[in-house]
Structures are given as C-alpha cells and as structure tokens.
Amino acid sequence: MIQRIQSVLLVFVLVGIILMFIFPVATYSLEDVAGTKMKTELNLFPKESPSQINQADYINPIYLPITATVLGILTLIIIFMYRNRILQIRMIAVAVLINLAYIALVFFLAVDGYAKILQEQFKTSVHISYFVGTYIPLVTIALLIWAQNAVKKDERKVRSADRLR
C-alpha cells in the first residue's frame, strides 16, 4: 500500500535528496593579498566556474553526487518494496549507512579539501559557512529511521494478526 506513513516519509527523503542537488553544501569567503574579497561555494554539481579560482587545482568531488544519486535511487526502490517488509527494513538500514557515508564524505573530504586548496592557492585564511545542503542529509537520516520504525510496527501488526488466525 503506497499510502502508508513510511511511504510518505520515504517520499520526503527523496525530495530531500533532490534538494541536496539544488542547494550548495558550503560557501567559502576569503580575501587575497590584494584585499579583494571573494566568495565561492561547493555544490554537488558546479553551477558556475569562479573566475579567480583556478578550477584545474580543484576537481569537483565526483563521489558526492554519485553517493547522493545512489541514495536517491535506493530510496525510490524502497518505496515500492511495500509487500516485502523485512527486505524493506534492511534496505532502509542500508540507505541510512549510505547517508552516513555521504555526511562523512562531505565533512571530512569535500568541505575541508576545498578549503585547503583555497588556502594554498591564495595564501590566506578561508572562512567556511555550512549551507542547507549540509543539513539536509541529517534530516533525511531522521526520516529514514522514522520510516524504518513504521515498517517494523506494520510487521509486528501483521505477525500479531497471523498469530490470532
């Protein structure tokens, strides 16, 4: 049944994953030695090439959009697994692990790696501001766990009803 609460929660997760592609992950503010203030942002897909930042020094991390795409496809598949609740529970757990891996990649590799490249290139300090794209995966993890608990609750109800027959 598509109208179950866990299906609605999984659709919200899917919408959150789509929003991760729209909003930037982080914005960087820096000032070079000439006193010019610059701002750039880290997106899953680069929207524009900053004019003063050499893109040859920084290749957009391909692992972020790949991980987010795999997570989105997996969530879409999980939505339609409503007949096999046990497998749905396991696949939601896999989606949570992929989401945690995505968060680790964002915080430990992408955001810090880009900041280090900017610091080396401009020989100045870089101020990092985390944006909406950083916090959406945290919300999607909460929604995935909530959906998993709803599936478990449904499974308990079905087993209870089978026991009474």
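Hey, does region 110-118 have a residue that's without any contact (Cβ under 8 Å) to a residue 12 or more places away in the chain and within 23 Å of GLN6 (Cα to Cα)? Checking region 110-118: not a single residue is without any contact (Cβ under 8 Å) to a residue 12 or more places away in the chain and within 23 Å of GLN6 (Cα to Cα). Looking at this structure, is VAL158 surrounded by 13 or more Cβ atoms within 10 Å (Cβ to Cβ) and at negative phi? Considered against the rule, which asks whether it is surrounded by 13 or more Cβ atoms within 10 Å (Cβ to Cβ) and at negative phi, VAL158 comes out as no.
The residue list ILE86, ILE136 contains one member that is more than 20 Å from LEU14 (Cβ to Cβ) and part of a helix (DSSP H, G or I), which is ILE86. Assessment of region 87-101 against the conditions (open to solvent by less than 40 Å² (accessible area, probe 1.4 Å) and without any contact (Cβ under 8 Å) to a residue 12 or more places away in the chain) yields no matching residue.
Within region 1-22, the set of residues being open to solvent by 70 Å² or more (accessible area, probe 1.4 Å) and at pLDDT below 90 comprises MET1, ILE2, GLN3.
Any residue in region 111-127 that is modelled with pLDDT of 85 or more and surrounded by 13 or more Cβ atoms within 10 Å (Cβ to Cβ)? No, that holds for no residue. Does LEU118 satisfy the condition of being within 19 Å of MET38 (Cβ to Cβ) and either assigned to a helix (DSSP H, G or I) or among the polar types (S, T, N, Q) (or both)? Yes, satisfied. Condition (residue is among the small types (Gly, Ala, Ser), closer than 12 Å to VAL13 by Cα, modelled with pLDDT of 90 or more and in a helix (DSSP H, G or I)) applied to region 91-110: is it met by at least one residue? Checking region 91-110: at least one residue is among the small types (Gly, Ala, Ser), closer than 12 Å to VAL13 by Cα, modelled with pLDDT of 90 or more and in a helix (DSSP H, G or I).
For region 53-67, a residue qualifies if it is part of a helix (DSSP H, G or I) and either among the polar types (S, T, N, Q) or at pLDDT 95 or above (or both), and exactly one does: THR67.
The values are calculated or read from the model by the stated rules, or taken from the named source; none is laboratory data. Because the structure is predicted, anything quoted here is derived from the model rather than measured. Positions of Cβ are backbone-derived with ideal geometry, glycine not excepted, and every protein chain shown enters the neighbour counts. Note: areas computed on protein heavy atoms with side chains; ligands, DNA, RNA excluded. Shrake-Rupley method; radii C 1.70, N 1.55, O 1.52, S 1.80 Å.
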